[in-house]
Structures are given as C-alpha cells and as structure tokens.
1. Would you mind finding the one in Asn469, Asn442 that is open to solvent by 10 Å² or more (accessible area, probe 1.4 Å) and part of a helix (DSSP H, G or I)?
2. Checking Ser346 against (1) farther than 21 Å from Thr436 by Cα; (2) open to solvent by 10 Å² or more (accessible area, probe 1.4 Å): exactly one of these is not met. Which one?
3. Just checking, does region 313-321 include any residue being buried (at least 24 other Cβ atoms within 10 Å of the Cβ) and either among the polar types (S, T, N, Q) or touching a strand residue (DSSP E or B) at 6+ places or on another chain (Cβ under 6 Å) (or both)?
4. Give me the pairs: first residue in region 552-565 and free of Cβ contacts under 8 Å to residues at least 40 places away in the same chain, second residue assigned to a loop (DSSP other than H, G, I, E, B), beta-carbon distance under 7 Å, and six or more apart or on different chains, which are they?
5. If we scan region 290-305, do we find a residue that is modelled with pLDDT of 95 or more, in a loop (DSSP other than H, G, I, E, B) and either among the small types (Gly, Ala, Ser) or buried (at least 18 other Cβ atoms within 10 Å of the Cβ) (or both)?
6. Of all residues in region 501-536, count the ones that are open to solvent by 20 Å² or more (accessible area, probe 1.4 Å), touching an Asp or Glu at 6+ places or on another chain (Cβ under 8 Å) and either in a loop (DSSP other than H, G, I, E, B) or among the hydrophobic types (A, V, I, L, M, F, W, C) (or both).
7. Out of region 68-82, which residues are open to solvent by 20 Å² or more (accessible area, probe 1.4 Å) and within 25 Å of the chain's Cα centre (by Cα)?
8. What is the one condition in (1) of a type in the set (Val, Ile, Thr); (2) touching a residue at least 40 places away in the same chain (Cβ under 8 Å); (3) over 27 Å from Glu210 (Cα atoms) that Thr129 does not satisfy?
Amino acid sequence: MPAPSSGPHFSRNGSTALAERPTSLAAAHGWPLGPRVALRRGPGSHYFPTMSNAPTRTLSIALAQLNPVLGDIAGNLAKLRRVRTDAARQGADLLVLPELYVSGYPPEDLVRKPAFAAACRAAVEQLATDLGPGPAVLIGTVWPEDGKVYNAVALLDEGKVAAVRLKVDLPNYGVFDEKRVFDPGPLPGPINFRGVKIGVPICEDIWTDEVTECLAECGAELLIVPNGSPFDWKKIDVRMNIAVARVTETGLPMVYLNQIGGQDELVFDGASFVLNADASLAVQLPDWEESLVVTQWTRTEDGWQCKSGPRAHLEEDDAAAYHASVLGLRDYVDKNRFPGVVLGLSGGIDSALVAAMATDAFGPDRVHCVMLPYRYTSSDSLDDAAACANALGVRYDTVPIAPAVDGFYQMLAPVFGNRAPDTTEENVQSRARGTTLMAISNKNGSMLLTTGNKSEMSVGYATIYGDMNGGFNPIKDLYKMEVYRLSRWRNANVPRGSKGPGGIVIPERILTKAPSAELRENQTDQDSLPPYDALDDMLACLVEHEMSLPEIIARGHAPETVKRIERLLYLAEYKRRQAAPGVKISSRSFGRDRRYPITNRFREELTAPEPASKAPVQRTPQLVQPRADGGDVS
C-alpha cells in the first residue's frame, strides 16, 4: 500500500504558529475538506460535524489495553487473536490496540534492522488475510515503505489492510528517540470505517494541535489515539490535560488507549480512557493490568456520543509508584525468562523494600534472600533481616563473608604495607558480598537484584562491582525518603495483583533505626552524607529541576553542603553509567532522561552570573480535569 506523500511537517515546538498557517491545514496537505464549518480559528476552535450520509448510527469499539512483549511478533498477535474472539463475543465492530503493538514499544534501534521492520509489516498483512468474521482491527505497527520506516497504525478489515496512517510528530526528548529510528509521516486525514470518519493521531500527535486540527478540518467525527505513554509521578494529570485540550479545541470525542507493562527501564500504566465531545469522562480503564472494554457509541445530532461505562479507580502517588516498581520488575524478569530472583537482605530499609516488591511480583517461592554478615554486622541487622524474610515467607540463607574478606586482606597486606585502613577495606567487604551473590545467581539461574536508591546513586554512595552488582534495580529512581514512604505504604496495603502476603512485611525497627552500610564500627550514613530529607531536596533541585546553586541555597541549605553535593553528583556519573537498569518513576531518571558526560570539569559558582538574555519564566501549567457529570471544565 503506497504511503501518502509527505508534506510540510509542523514541529513540536510550534515553529509554525496558528496565525501563520495556511487557511486549511488539510487542504495544504492534499486532504479534501470534510463537511465541517470552523467557527473560529486559533486556540479554542470548534468544528461542529454535520450528519454523514452513511446510515451507521451505532458503533461498538473494543479497547484492548494489553501488555506486548517487544520483538515477540508471533506471541503478540496470538494474544490479539484471543482478545479479538472475546471482543467479537461482546459484539464489537472495531478492536483497537496500542501504539506499535505488533513490535512492542519502544523498539529503539531494532527498528533500523530491515529484517525486523519487514517482519512486522509481513505479519500485519498476513493477519489481515487470516482474520475471519469478527471486528475489524486497528493495530499499531512498524511500517516500512519506499525505503523509509514509519510508526504506523493499520486498519485490518474485510480480509485486507484497508488503511494505514503514519505518526507525524516523533518525540525526541527525555526517554524518546523516535526521530533517530522513524521517518515522520505527513499530516493525516481520517479513516472511513463503516461510514464513520475516524481520526487516528498516534500518541505524540495530540501533544500539539496540528494533527487534530487537520483531522477535524477533514471531517473526522471522533478521535482514536493509540499510545505508548510511559509512567511517571505526574503523567496521569499531564495526559488528561492534553486530551481535554484537544477535545475542547476540536469538539470531537476521544478514545485514549495506552499499553501496560514493563519494557527495560520504562513501565506503562495503562489507565486508558474515553472523553466525550463535552470533555466528560465516559469510560476509565484500570491502571497496572490488562483490560478489554467494549464501548458503545451512538450518533446524535451533535455528533458521536460514548455511553457511560466502567470508571476504574486509579492509584495515585506512593501507591502508583509502588505498583509501577512491581510491574516493571515482574516484566523485566519474566519477559527475559528468569526463573526467579536473588538479593542480599542486609536488615536495612532498601533491601527490605526490594524483597517486598519481589515477593509481590513473583510470590515467595521465586525469591531468595541472602544475609552476608561480617564482623561489623549488628545483631539488630541479623534479627531484622530474618524477621523480614519470615514475614514475606521467602527462602533465607546466611553466608558469612569473613573467610573471603580476611583472605583478601591477607593477600593484599604486602601491597598495602603500613597504610592505614580506609574505604578500600570497606569496598573489599562490599565486593565480597557482590561476588558471593553473583555466584549464587550463576549457579541457580536467578537474576540478582541490586538495591541502591536514587539518593545513594546520585552521590556515589555505592561500591561499583560490589553492592551495585545485579541485573535490575526496582528502586533505582526512588530517593531515600521515597523508599521510606513506599515501605510504610506497603505495610499498610497489599497492592493489586500481589503474590505476597498481607500485614506488616517490613519490621518497624527497619523503618526507625539509623541507616548504615555497616562497613566499620558504629557507622551511619550520616557520617558521610547530610540527613536524607535535606539531601533529597538538594538532589531533586539539581537533578529534576536543574536549579542554580544560589536558588538551592535560598531554600535553606548551607552553601558548602550544596557545593559538595554538586561535586559528588558529577563525580558519580561513571558509576551510574555502569549501574543496572531500573524502573523509571520520576520525570528525570538517570540514564534515559538525564545524560551527563563522565569527563566534565564544569562546576557552577556559588554566585551565579546574570545571563546575557533572560529566558521567559516557565510557569507550571494549570491542569484541566475531565468533566465528571456534565459540569464546566475546570
């Protein structure tokens, strides 16, 4: 199927303003104008549909919020067939799948492998001919065409690929690198399905108004938006704000379909929804689980209306972060076919929380905790680790590391000479633990989990090739105070879909005692670091918000402390480059979001110079919420 010819591309940064655009975006890109009248242009424009000549007055659209496995084309399509059978049983006319469902999302540089792109297209074309009676399928796929590769959506109907639409706005910020691997498509027109003109913008295409405006001008009657939108703390509000804006501008109802599941560092929460043309919330799918919901639509004098359907409760704040961590961990281990996990359980808060998450993800039978004591390990830590393992019901072994550590000390004594003990000896302990855990992992086949939090990873308070050993870290993007909050949340709640026990699973003493690496006598973390509440605030200012040092000092932090934390943050970059992947929770995680050079001599002065030209102040946008029952949009 030939791809539509490409035309001028309007960029995400709004390089072509509304006032500077052609009279009609649709006409400028070769699409015929639909039977609509634009009452006014610019922000807030509304396009009111006239009645179609087609007789279709009802439509059943099935939303399949699914968890694909990246690269498992056959497995993903087998799941689709099972879901389509269920949708057919419920009378669906159209089954909608998330963005790039065939390949899994994000496929990254795998897209650049011609064999992979060709396999995706061939699978879609074969699927179209294989589908028997039942609903048509709107599916996201990699689509090679004329030497280019697109992020596309294909409509499969009546034994053929009836239509293909291509993603226009390729995100290239944060965790996204789509411009690296995909070619942008032209501004699209709607798809005619059963006499209904359906606009299909793909994910980022609704983050600005060009694509939806073009679709509205072309006569689209409703919008179906397949997404691969990863989770972070505030993403649910941001998505809803964007969706309400597009609905308000076009006057069109919107189906927002997101995938769920973990893919390496990213985790997708689902939480798909339907907004009617008046911005009322008609349907809310659950988060953190697969779901199939068949929505019922009726053509009215004012356009298409979705009948009110299920409205699932969505997790928020700490509950959402906990579910994200568990789902990301579960999918990383299961999709990579590990039989279980092993971790060092020290009696501290970080490893206790990871053990709880692992048990919730896999059940006690697939979790193996190991205590690795040395002479500095306190009796409290021994008791607390055992109590935590017992509460979770997991396998728990104790492997003293004194033979290995003392052997290293003896072996290195001639080289070290009479130099006083320092962090070198502490690191030997950590590396003995790391080597022991890796040996257990190798022997049993279980994945080793590492348990460092974002606070420690920010300032390098971790031993490379020691406690940083491991294949995955579910708390990598959680600051220390967030670790405490999520631990208390877990003691008070059992997450949905948990395979772990209820009740208190992290003993109270772990939550209240001073944190310590226990690598020397009477050691606490605060011997080397500021109190964690202050440290986390400074780090959030430096990492998430890129604030200047004077701005951070103005929050009440001592100048010398701020300067020291900045220095530690820069110096630890080499460790973070070698750290295990972990679940992205924040808006700026290490690795995918924040990419600083390792070799870097820049250090900010405590008194920042005035910039040559001041950038405009960035104000926090006011979020727009969906109408719950026909009231005003607020």
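1. Values: Asn469 fails: part of a helix (DSSP H, G or I).
None of the other options fit; the residue is Asn442.
2. It is condition (1) that Ser346 fails.
3. Among the residues of region 313-321, not one is buried (at least 24 other Cβ atoms within 10 Å of the Cβ) and either among the polar types (S, T, N, Q) or touching a strand residue (DSSP E or B) at 6+ places or on another chain (Cβ under 6 Å) (or both), which makes the answer no.
4. Thr561/Pro530
5. The answer is no, given that none of the residues of region 290-305 is modelled with pLDDT of 95 or more, in a loop (DSSP other than H, G, I, E, B) and either among the small types (Gly, Ala, Ser) or buried (at least 18 other Cβ atoms within 10 Å of the Cβ) (or both).
6. So the answer is 8.
7. Restricting attention to region 68-82, the residues satisfying the condition of being open to solvent by 20 Å² or more (accessible area, probe 1.4 Å) are 69-75, 78-79, 81-82.
Passing the criteria: Val69, Leu70, Gly71, Asp72, Ile73, Ala74, Gly75, Ala78, Lys79.
8. Result: Thr129 fails condition (2) only.
The values are calculated or read from the model by the stated rules, or taken from the named source; none is laboratory data. On a predicted model such as this, the values are computed, not experimentally measured, just so you know. Note that we place each Cβ from the backbone using ideal geometry, even for glycine, and neighbour counts take in every protein chain shown. With ligands, DNA and RNA removed, areas are computed over all heavy atoms of the protein, side chains included. Shrake-Rupley method; radii C 1.70, N 1.55, O 1.52, S 1.80 Å.
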